[in-house]
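Enquirer: First the structure, then my questions, so here it is.
Read-outs throughout are calculated quantities, based only on the coordinates presented, and are distinct from any laboratory measurement. Since we're looking at a predicted model, the values are computed, not measured. Cβ: placed from backbone, ideal geometry, glycine included. Neighbour counts: every protein chain shown.
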Amino acid sequence: MLKNKRILVAKPGLDGHDSGAKVIALALRDAGADVIYTGLRKTPDFIARIAIDEDVDAVGLSILSGSHVALLQQTRDSLREMGAEDMVIFVGGTIPPQDVETLKQGGAAAVFTSDMTIEDTIDEVASILK
Amino acid sequence: MNRRQIARGLTKILNASVDEILATSDEPITSNAVRIGITGAPGVGKSSTIARLAAYRAKPTKQLAVLAIDPSSPLSGGSLLGDRIRMGDLVENPDVYIRSLPSRSTNNGLCNNIPELINVLESHRLSEIILETVGVGQAEYAIRNQADIVILVMQPESGDTIQSMKAGVVEMADILLVNKDDLTGADKVCAELAEIAARGGRLEGWFPPVVRMCATNNKGIKSLSDAIDQTISWQAKHRDNELIAQQRRRYQLQSLLERRIDELLDEAAPGFLSTSLNEGFRAITARCLLEP
């Protein structure tokens, strides 16, 4: 489903929990994608640099800290500075319902919350990257 | 370096079919880039060693690239590429380019189209190319064809492993590196390796140095880098470059042929595998001859 797609799974900011990011990374791999994982507590600039070097088709930001709006904006700014303003960005994590629209207006191609199934998440990634 | 251009060039080649590879130019690229291969069992510290080595050797006048290969899942075809986790400090280094690569259908420690991927980096005038293999066992030593210098990374308390590796990957190394040398057993393993090294390496007349290192605190990085420089200068005087070029071409040809046969087997009609072994073999080789 995601054959030959390269996806960066990244943990920006200060929250120290990555089970969610790892579950998604494994599910993307099982759907055929090549997944690059950054490890915990990375800056938006660091994530953007990796996205460029790895020539990924999408960046998935996993955020549980509550700073999702600011971190999405900063990641987009860093990508724009590096000439990749068109990069597809997904956001996932503990996102309050009222923030989903804000994130989409802020440039998130999709927002994944903890009440969604893995299958639906992967299907949506696949339909956006098709 | 133009990172985006390098990155996109690599993606195009990574995904190229056999026909697409054959359609690209194989004009030899004049490049003096030194190819350093890093191999060893899973968990010995290949990625951590590369993180230290690249930081130590890269300069504005000597930019380098790292290609880090991890296995593709034989079930889904996907991969989880985790070498980056140990290379965090390199991300902001303007003189180092890092790319994670999935092994795809290649299972010799390297990945599909590796000779052509290296050519992409050479055409961007990088001075050194570090290749990290998949974590390997005893017999995956295809790296010897693609790298100028093969560094085998080991750790203490792997004495029995070394015994069993004597006839395989150990013989292919130009430098034997003992990482995590703060662990007990480091002296013993170094002594065993020195014994193996005294019999000589894969190139006649070269005796692989045994280097001790601890990648977590960077102890021994100078010895490793010096050993690489010594190997480079020795090879410049003693190596048969014509022979190396032929071995590389042979690997390239063989990898493409194997993938073509894979493609033909995939395309073969259902029921094909129920024919006799002889018939099947003849049918596939005949199809090979029909290909343009």
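Enquirer: Nearest 0.05, what FRET efficiency do B:Asn32 and A:Lys104 give at R0 = 41 Å with Cβ-Cβ as r?
Expert: E between B:Asn32 and A:Lys104, to the nearest 0.05, is 0.25.
Enquirer: Starting from the Cα of B:Gln230, step 7 Å along the direction of its Cβ; do the same at B:Asp262; then give the gap between the two resulting points in nm.
Expert: 3.9 nm
Enquirer: State the extension gain, in nm to one decimal, for the chain segment bounded by B:Asn241 and B:Phe281, taking 0.36 nm per residue of separation less the distance between their alpha-carbons.
Expert: Length difference between fully extended and current span is 10.8 nm.
Enquirer: Tell me the angle of helix B:277-290 to the major Cα principal axis of chain B, expressed in degrees between 0 and 90 and rounded to the nearest ten.
Expert: The two axes meet at around 90 degrees.
Enquirer: Is the shape of region B:22-152 best called rounded, prolate or oblate, per the rule: a/c under 1.5 gives rounded, else a/b larger than b/c gives prolate, else oblate, with a ≥ b ≥ c the square roots of the Cα gyration tensor eigenvalues?
Expert: oblate
Enquirer: Shifting gears a bit: Using a/c under 1.5 as the rounded threshold, could you call the protein assembly as shown rounded, prolate or oblate? The axes a ≥ b ≥ c are square roots of the C-alpha gyration tensor eigenvalues, and prolate needs a/b larger than b/c, oblate otherwise.
Expert: Oblate is the answer for the protein assembly as shown, as a/c is 1.5 or above yet b/c matches or exceeds a/b.
Enquirer: Can you give the FRET efficiency for B:Phe272 and B:Ile85, using 1/(1 + (r/R0)^6), R0 = 35 Å, r = Cβ-Cβ distance, to the nearest 0.05? Display every interim value, and only then the final one.
Expert: Details: r = 44 Å, r/R0 = 1.24.
For B:Phe272 and B:Ile85, the calculated efficiency is 0.20.
Enquirer: May I ask you to derive the relative contact order of chain A, considering only C-alpha pairs under 8 Å and at least 6 residues apart, and to give it as an integer percent?
Expert: Result for chain A is 26 percent.
Enquirer: Moving to a separate point now. Work out the length of the dipole vector of region B:14-115 about its Cα centre, built from +1 on the beta-carbon of each Lys and Arg and -1 on the beta-carbon of each Asp and Glu, and round it to the nearest 20 debye.
Expert: It comes to approximately 480 debye.
Enquirer: Between rounded, prolate and oblate, where does chain A land on the alpha carbon gyration tensor, with a ≥ b ≥ c its root eigenvalues, rounded for a/c under 1.5, else prolate if a/b exceeds b/c?
Expert: Judged from the Cα gyration tensor, chain A comes out rounded (a/c under 1.5).
Enquirer: Take A:Lys22 and B:Asn107, extend 7 Å from each Cα along the Cα→Cβ direction, and tell me the distance between the two endpoints in nm.
Expert: In this crude spin-label approximation the distance works out to 2.7 nm.
Enquirer: Within a 10 angstrom radius of each residue's Cβ in A:29-42, how many Cβ atoms of other chains show up on average? Whole number is fine.
Expert: 6
Enquirer: Determine the calculated [θ] at 222 nm for chain A from helices alone, applying -39500 (n - 2.57) to every DSSP H run no shorter than 4 residues and normalising by the residue count; nearest 500 deg cm²/dmol.
Expert: Helices in chain A give a 222 nm mean residue ellipticity of -13500 deg cm²/dmol.
Enquirer: For chain B, what does the helix formula give at 222 nm: sum of -39500 (n - 2.57) over DSSP H segments with n ≥ 4, over the residue count, nearest 500 deg cm²/dmol?
Expert: -13000 deg cm²/dmol
Enquirer: If you place +1 on the Cβ of every Lys and Arg, -1 on the Cβ of every Asp and Glu, and leave all else neutral, what size is the dipole of the protein assembly as shown about its Cα centre, to the nearest 20 Debye?
Expert: That gives the protein assembly as shown a dipole magnitude of about 880 debye.
Enquirer: Just how large is the dipole of chain B about the Cα centre, in debye to the nearest 20, putting +1 at every Lys and Arg Cβ and -1 at every Asp and Glu Cβ?
Expert: Here the size comes out at about 640 debye.
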